[in-house]
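Presented below is the structure to which this report refers.
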Amino acid sequence: MIQLNDLRFGYSRNRLIYDGLSLTMPPGTIYGLLGPNGAGKSTLLRLMAGLLFPKGGTVRVNQHTPGDRKPAFLEDVFLLPEEFFVPPISVKAFIESNAPFYPRFDHAQFSGYLAEFGFPDSQRLSEMSYGQKKKVLIGFGLATNTALLILDEPTNGLDIPSKSQFRRLVAGAASENRIIIISTHQVRDLETLIDPIVILGEKPNGSIGVALNASVESITDRLWFGLVPDLAGLPPVLYSERVVGGYAVVTENRPDELADYRNSRLDLERLYNAVQAHPSRIQQLFSTQTVYAQP
């Protein structure tokens, strides 16, 4: 369980990125963390991992305060940052040096990932492309079997077949006792994997808040995503864009009004745009969720 209560953090005294952010994330799911550039997604992940320290409020991961950086916490969290450095050693040497820090590291599990990736453990990391290095680190993170696994922009640098491979491996590594958080801009790469969805956005005071925290089921129950020839006769439209043949829209789900607008498939990109365009109405629709209001 991750619990952020009244979190305050900023890199300078004059501007807080987070000023009163609260968020609860139970285990057993793969969370998608979305937000605009500069919204502090990576900062939030580092606060959860104990690499940054809050100015106020509390951060708890299970029974631990990450900022205390106790060994029992550090051995149970793995963070793969968007930018990383790997030493010029073989994959085998990398595992021998780093696996001992994680008591539940599964060598057979990691060997299976290497075989699927097609990498021999004798290959040197420095000889690999960026995408290949990332796949090795993703496999390592999954094999740690930590209670908290944080992946920051994990599909950047992966080709199309590798993205499919990534989704399959992450889904297979999920468990009821594990929290997996994926922060991404590549929403179409992951919309069949992440659930619940957490979207960050700017609050009226300029700090960052949780604009939406909802399950896919809850989202598709309240919103309808579809393609229509025109905008006439629709339930209230929260977002629309012109596409070939008509409009891609997000509307309020009013099954009692129009039988055609009941069930739909979530489109993360359009959901994100709808949340940013109409935060107050989203708050009303998801009144049981953690969202903020704007005047």
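The values are calculated or read from the model by the stated rules, or taken from the named source; none is laboratory data. Bear in mind the structure is a predicted one, so any value in this text is a computation, not a measurement. Ideal geometry is used to build each Cβ from the backbone, glycine not excepted, and the neighbour counts take in all protein chains shown. In case anyone asks, the SASA skips ligands and DNA or RNA and just uses the protein heavy atoms, side chains included. Shrake-Rupley method; radii C 1.70, N 1.55, O 1.52, S 1.80 Å.
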For segment 181-252 and segment 1-40, what is the separation of their Cα centres, given in Å? 20
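Relative contact order for segment 90-154 using alpha-carbon pairs under 8 Å, separation at least 6, rounded to a whole percent? Walk me through the numbers on the way to the answer.
On the way: 45 pairs, mean separation 29.9, N = 65.
For segment 90-154, the relative contact order is 46 percent.
As an exercise, use a Förster radius of 35 Å and the Cβ-Cβ distance of Ser280 and Arg8 to find the FRET efficiency, rounded to the nearest 0.05.
Details: r = 24 Å, r/R0 = 0.69.
The pair Ser280/Arg8 has a calculated efficiency of 0.90.
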Helix axis angle, 160-173 relative to the chain longest principal axis, alpha carbon, degrees: 80
Mean separation of Cα contacts under 8 Å (at least 6 apart) over the residue count of segment 1-125, i.e. the relative contact order in percent, is 22
Can you pull the three principal axis extents for the Cα set of the chain, in Å, largest first? 63, 45, 32
Heads up, I need the accessible area for Lys203: 1.4 angstrom probe, whole protein in place, Å², nearest 10. 50
Taking a threshold of 32 Å on the Cα-Cα distance, which of the pairs Lys55/Lys133; Lys70/Lys134; Lys41/Lys70; Lys70/Lys92; Lys55/Lys163 fall above it? Lys55/Lys133; Lys55/Lys163
Compute the long axis of helix 268-277 from its Cα atoms, compare it with the longest principal axis of the Cα atoms of the chain, and write down the angle in degrees, 0 to 90, nearest 10. 60
Pairwise label distance in nanometres, Ser22 with Arg265, each label 7 Å out on the Cα-Cβ vector: 3.8
By average C-beta atoms within 10 angstrom, highest first, the peptides 43-53, 19-29: 43-53, 19-29
Regarding segment 68-172, what whole-number volume in Å³ per residue does the convex hull of its Cα atoms give? 102
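Expressed as a rounded percentage, what relative contact order does the chain have, with Cα pairs under 8 Å and six or more residues apart?
Values: 544 pairs, mean separation 57.2, N = 295.
19 percent.
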20 Å Cα-Cα reach of Lys135 towards aspartates and glutamates, excluding residues that sit fewer than 8 places from it in its own chain: Glu82, Glu83, Glu96, Asp106, Glu116, Asp121, Glu127, Asp152, Glu153, Asp159, Asp189, Glu191
Mean accessible area per residue over the chain (1.4 angstrom probe, all protein chains present, square angstrom) is 46
On the accessible surface of the chain, probed at 1.4 Å, how many percent belong to carbon and sulfur atoms? 48
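If you stretched the chain out fully between Ser122 and Arg104, how much longer would it get, using 0.36 nm times the residue separation minus the C-alpha to C-alpha distance?
Working: separation 18, 0.36 × 18 = 6.48 nm, distance 2.31 nm.
Gain on stretching Ser122 to Arg104: 4.2 nm.
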